[in-house]
Amino acid sequence: MPLLSRQDLDFCLYEMLDTDSLLHTPRYGDHSRETFNQTLNTAEQVAEKYFAPHNHLADEKEPWFDGEQVHTIPEVKEAFRHYVNSGLLTARLEFDAGGMQLPHVVAAACSGYVTAANASSAAYPFLTMAASNLIHHFASDELKNLYLPLMRSGRAAGTMALTEPDTGSSLADIKTYATPTEQGHYLVKGNKMYISGGDQDITDNIVHLVLAKIKGAPAGVKGISLFLVPKWLVDDNGDPAQRNDVQLAGLLHKMGYRGTTSTVLNFGEQDNCVGYLIGEPHQGLKYMFMMMNEARVGVGLGAAVIGYRGYAESLEYARQRPQGRHPSNKDPASKPIPIIEHADVKRMLLAQKSYTEGAIALCLYANHLIDRIETCADEDQRKPLQELLDLLTPIVKSWPSEFGPKANSLAIQILGGAGYIREYPVEQLYRDNRLNPIHEGTHGIQAMDLLGRKLWQSNGLGLQTLLREIQATLQQAAEFPDLAPYSEQLQEALLLVNATTQSVGEQLQQQGPDIGLANASAFLSLSGHVVVAWLWLWQASAAMKGLKSGTNAEFYRGKLHACRFFFRWELPKIQHWSNLLQSADDTCRTMHNDYF
Amino acid sequence: MKVLVAVKRVVDYNVKVRVAADHSGVDLTNVKMAMNPFCEIAVEEAVRLKEKGVATEIVAVAVGPKEAQEQIRTALALGADRGILVEAADVQPLGVAKLLKAIVDEEKPELVILGKQAIDGDNNQTGQMLAALTGMGQGTFASEVNVADGSVKVTREIDGGLQTVDLKLPAVVTTDLRLNEPRYASLPNIMKAKKKPLDMKSPGDFGVDVTPLVKTVKVEPPAERQAGIKVADVAELVDKLKNEAKVI
């Protein structure tokens, strides 16, 4: 069974998003459909050969700490090496920086293959890429020249060290601090927790990006700085020379994503932890957000493809597993039917299809936006696109993270008892995917980010741009009378979004954020569903066009049916969320701690 | 030493093909196509010979539709130096062998490496036909290839063991599954491959007639497996094996 459907990826890339248009831009002019295809082939091969085979093993034999060193199964190191050697690690970088200057949308599809194969082994290179991008953007030339070659060649991996034992989402309260020295570096002291990849035996060195406060810094988030803290201090050649004072206090044992170490780290136990300031003092959170925004889009994609894997597994199972007969058939001697023939199993498969293919389309669209931003020469045109990406980021992170695990849960349901035992892959997919609504900003935080910040940023330019994009799809869809009911329903949904936004805007202004943001998660659900419904209408238009070609009719009809499912079974839910929001429902807010 | 390596565009091994409605063949519209896995092994062997300093130039050749350029580009990304595509649809093994012979006459390679068969037609003919047409020695089903002193030693996987043949160069080698583990095309090499030359040719350029000589009568999917039954005892089982299945 392929890890992902290439047909579906190609459909999104070329029939929906018109990735070919990038070929006319100076940035991507050296590429062709052929280089995109070949790159996807390589990503698929690397994923199938080096990531997928140990996915189950890495879960069973999670990393262990012998008191001195962390051990991971050797397959993880091998996979990491191939990810680097194939060029996938640096695929998005410019040619000058040794990269392939691959469009983000194609690179995202490549990452999708690798995460679908093995999410926990994929985390090491993904973190390394994100950390090196941050260093590339904000660190001094000296730090860049020393550490970027190490990271891009896979000699050092990256981490992001934000969370502390007492400080999770609330970064304003972090206690790790840094003291300047006469030599120019800082001494970092403090404890960090849940640091993915915080220690491992895969790479010679590890580069931690650590949030800490310089002594005497302003209180709250405005006093946070960012430091580069290597596990090993390196010599001029980048070789590990002296062990830095970063100690592993222990490994955390997770529900899923077990192949990726989750660590508790002590910085400066001996008061000798060398850290280098990245950029300016007190600007650390701003820099970290660049990495986090990129990571958030990546989390969404991960959740989408893990969801998709469960869909594919349960689809295959439902086609092969004979069980029961149609309710009208009372003949016990008749042949049992494959369970895919039962209407309720079809419901669960359609839900998974509409969630996961919708989520993949959403994440590819976000990457397509990044490409449009990067290839847009005109600042006036770029600004609205950037605002749209900002607005969508919490949705791109959260919608797949909510509905990917839901899809995985349905996959388990379809397999029944087989789904609940570890011999089948779907239970691990569910456990792996369950991390996604938690890390990189929890679901609740994304909801507040969307409703409290992104929606109003630049006078609502993001939302205006979104509406323009949706109008373009409605125009396309108008060519096909079959799609008229969906277009109408989407337009009504937009009116509802408008009314709800106005209403919560007034609540925020008149009654303050405590009341205005209390039901933010309902707003996130509502916006997420409307955005995904829009992307389904877009896919349906592309499918109608595809049907005219006369080939592949089943694939396109499948798209149309999934669109129909989403509009009939899912989109109507927004009315309920809107009611809660517009009435400023206070059921949750007024519940008292003591009443529980 | 110049090495010619043949690559074929076939349906990807992961695709479950379906028989076309008119039973003329399998339905290939919009399915994923890829390089034949045995040809990947052939390309890999050629690249390894070049890395060892034995081969100096690798020419990748395909006979197929225009889209087969993709498979030649893949070969170029894997390490071949240039490519030749003879554009022609539905050419049968004899036609391909004749075209390859014409190219061998022009290019004069010392070694021609092909996959032992393609996973679409499963014919296992082209390499042998090419050897016969050119008069070159053939080492088929190779699991080991060693070139030295104007000859090539080929270890062949045959029924019941391994056979080693020593062929004078130029020679034809066809690859079996265990010859090597093919690499993937790295991203920088995919970009470099774009700049490598790829010649487009037609059968007419070589004066070769590729009209099919074999007619496909009908293509049918394998019969669906019937549900099993439970037997009451060993005696019934033995009886069925003897009289129904007639296997004992």
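Here are some notes:
- Apart from one condition, residue A:183 fits all of (1) without any contact (Cβ under 8 Å) to a residue 40 or more places away in the chain; (2) part of a loop (DSSP other than H, G, I, E, B); (3) closer than 30 Å to residue A:52 by Cα; the exception is (3).
- Segment A:65-91, residues that are at pLDDT below 95 and not acidic (Asp, Glu): A:67, A:69
- Only one of A:539, A:489 that is more than 26 Å from the chain's Cα centre (by Cα) and in contact (Cβ under 8 Å) with a residue 40 or more places away in the chain: A:489
- Members of segment A:135-180 found to be closer than 13 Å to residue A:192 by Cα and in a loop (DSSP other than H, G, I, E, B), listed by number: A:162, A:163, A:165, A:166, A:168, A:169, A:174, A:175, A:176
- With respect to the conditions (1) within 14 Å of chain A (Cβ to nearest Cβ); (2) more than 27 Å from residue B:207 (Cα to Cα), residue B:68 falls short on a single one, namely (2).
- Candidate set: segment A:72-94, residues that are in a loop (DSSP other than H, G, I, E, B) and farther than 30 Å from residue A:250 by Cα; chosen: the one farthest from the other protein chains (Cβ to nearest Cβ): A:94
- Filtering segment B:35-78 to residues that are of a type in the set (Gly, Ala, Ser), within 17 Å of residue B:174 (Cβ to Cβ), part of a helix (DSSP H, G or I) and touching a Lys or Arg at 6+ places or on another chain (Cβ under 8 Å) leaves nothing.
- Identity of the residue in segment A:151-170, surrounded by fewer than 24 Cβ atoms within 10 Å (Cβ to Cβ) and touching an Asp or Glu at 6+ places or on another chain (Cβ under 9 Å), that ends up farthest from residue A:127 (Cα to Cα): A:166
- Filter result for residue A:27 (among the basic types (Lys, Arg) and free of Cβ contacts under 8 Å to residues at least 60 places away in the same chain): no
- Search result, residues across segment A:31-66 that are surrounded by fewer than 18 Cβ atoms within 10 Å (Cβ to Cβ), in a loop (DSSP other than H, G, I, E, B) and within 13 Å of chain B (Cβ to nearest Cβ): A:32
- Scope segment A:325-361; condition among the β-branched types (Val, Ile, Thr) and part of a helix (DSSP H, G or I); matching residues: A:339, A:340, A:345, A:356, A:360
- Picking from residues in segment B:190-224 that are part of a helix (DSSP H, G or I) and more than 14 Å from chain A (Cβ to nearest Cβ), the one that is nearest to the chain's Cα centre (by Cα) is B:203.
- Of the set (1) more than 22 Å from residue A:63 (Cα to Cα); (2) buried (at least 20 other Cβ atoms within 10 Å of the Cβ), all apply to residue A:181 but (2).
- Of the helices (runs of 4 or more DSSP H) lying entirely inside segment A:493-592, the ones with 2 or more residues being over 30 Å from residue A:5 (Cβ atoms) and not basic (Lys, Arg) are found at A:520-548, A:573-582, A:587-590.
- Residues being under 16 Å from the mean Cα position of the chain (by Cα) and either more than 10 Å from every other protein chain (Cβ to nearest Cβ) or surrounded by fewer than 19 Cβ atoms within 10 Å (Cβ to Cβ) (or both) - total across segment B:72-82: 2
- Yes/no for residue A:371 being part of a helix (DSSP H, G or I), more than 18 Å from residue A:497 (Cα to Cα) and in contact with a Pro (Cβ under 8 Å, 6 or more places away or on another chain): yes
- Filtered by the rule that a residue be more than 14 Å from the chain's Cα centre (by Cα) and among the aliphatic types (A, V, I, L, M), segment B:83-112 gives B:84, B:85, B:86, B:88, B:89, B:99, B:102, B:103, B:104, B:111.
- Tally of residues being within 10 Å of chain A (Cβ to nearest Cβ), outside any strand (DSSP E or B) and in contact (Cβ under 8 Å) with a residue 24 or more places away in the chain across segment B:19-34: 0
- Residue within segment A:296-315 that is touching a Lys or Arg at 6+ places or on another chain (Cβ under 6 Å), under 30 Å from residue A:390 (Cβ atoms) and β-branched (Val, Ile, Thr) present: yes
- Residue match in segment B:11-18 (condition: crowded, with 23+ Cβ neighbours inside 10 Å and either within 14 Å of another protein chain (Cβ to nearest Cβ) or at pLDDT 95 or above (or both)): no
- From the options A:543, A:493, residue that is within 14 Å of another protein chain (Cβ to nearest Cβ) and surrounded by 15 or more Cβ atoms within 10 Å (Cβ to Cβ): A:543
- One residue alone among A:353, A:330, A:383 is crowded, with 21+ Cβ neighbours inside 10 Å and basic (Lys, Arg), and that residue is A:353.
- Pairs where the first residue, in segment A:395-420, is over 15 Å from residue A:357 (Cα atoms) and assigned to a helix (DSSP H, G or I) and the second is modelled with pLDDT of 95 or more and among the acidic types (Asp, Glu), C-beta under 7 Å, 6+ apart: A:412/A:427; A:419/A:427; A:420/A:427
- Just one of (1) in contact (Cβ under 8 Å) with a residue 24 or more places away in the chain; (2) surrounded by fewer than 17 Cβ atoms within 10 Å (Cβ to Cβ); (3) within 14 Å of chain B (Cβ to nearest Cβ) fails for residue A:69. It is (3).
- Unmet requirement for residue A:231, which otherwise passes all of (1) under 22 Å from residue A:179 (Cβ atoms); (2) among the basic types (Lys, Arg); (3) surrounded by fewer than 22 Cβ atoms within 10 Å (Cβ to Cβ): (3)
- Complete set of residues in segment A:421-450 that are within 30 Å of residue A:512 (Cα to Cα) and assigned to a helix (DSSP H, G or I): A:443, A:444, A:445, A:446, A:447, A:448, A:449, A:450
- The condition (being within 23 Å of residue A:135 (Cβ to Cβ), at pLDDT 95 or above, away from chain B (no Cβ under 14 Å) and buried (at least 17 other Cβ atoms within 10 Å of the Cβ)) is satisfied by just one residue among A:108, A:119: A:108.
- The set of residues from segment A:10-26 being within 14 Å of chain B (Cβ to nearest Cβ), within 18 Å of residue A:92 (Cβ to Cβ) and surrounded by fewer than 22 Cβ atoms within 10 Å (Cβ to Cβ) comprises just one member, A:23.
- The residues of segment A:437-456 that are modelled with pLDDT of 95 or more and in contact with a Lys or Arg (Cβ under 6 Å, 6 or more places away or on another chain) amount to a single one, A:446.
The values are calculated or read from the model by the stated rules, or taken from the named source; none is laboratory data. Since the model is a prediction, treat every value here as computed from it, not as a measurement. Reconstructed Cβ throughout: ideal geometry from the backbone, glycine too, with neighbour counts over all protein chains shown.
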